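This report concerns only the one structure given below.
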Amino acid sequence: MSTMTHDGYIATLEIDEHAGIMHGRVVNAHAVLTFEGRTVKELRRAFADTITDYRDWCRQRGVEPQKPYSGTLSLRIDPVLHRRVAEKAATAGESINKFISDRLAEVA
C-alpha cells in the first residue's frame, strides 16, 4: 500500500481506477480524515488542506489536535524478558532504549 506524509501525518492511499480518482486516509490521527484527488498534485494539495482543516476544527472547539507520534513508547514486558534485554543491551554497549529501537527498526 502506498503512503504519503505531510507535516508528520501519514496517509494510506488507494486508487479507484473505475472512477479515475485517488483516495487518502490519515492513519495517525484519532479523527477520520480523508481526502482525494485526480492527480498526485491534487492529492498532495487535498492532504495539506485536510490537515489545515483538522487543525482549524480543533482550534475552534478548544481541542488539542492529535500530534504525530512523539517517538516515546511505554512498554510493559515480562521481568525475565526485561532482564534479558538489559543484559543484551549491556553486552552490545548500548542503552536499553537504543537496543530496543534498533531491534524494532529491523522488523518495521
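Any read-out appearing in this document is the output of simple, stated calculations on the displayed coordinates, not a laboratory observation. The shown structure was predicted, so the numbers you read here are calculated from the model rather than taken from an experiment. Counting neighbours? That spans all protein chains shown, and the Cβs are built from the backbone with ideal geometry, glycine included.
A few notes on this one:
- Helix 96-107 and the long axis of the chain differ in direction by around 50°, with both axes built from C-alpha atoms.
- Annotation for the range 1-70: trypsin sites (Lys or Arg not before Pro) lying in DSSP loop with at most 14 further Cβ atoms inside 10 Å of their Cβ are Arg38.
- In terms of other Cβ atoms within 10 Å, Asp7, Asp78 run from fewest to most in the order Asp78, Asp7.
- Remark: Ser2, Ser101 ranked as Ser2, Ser101, counting other beta-carbon atoms within 10 Å and listing the fewest first.
- Computed as a quarter of the hull surface, the mean projected area of the alpha carbon convex hull for the chain stands at 9.8 nm².
- Whole-Hz ³J(HN,Hα) from phi, Karplus 6.51 cos²θ - 1.76 cosθ + 1.60, for the range 14-25, glycine and proline x: 9, 10, 9, 4, 5, 8, x, 9, 10, 10, x, 9
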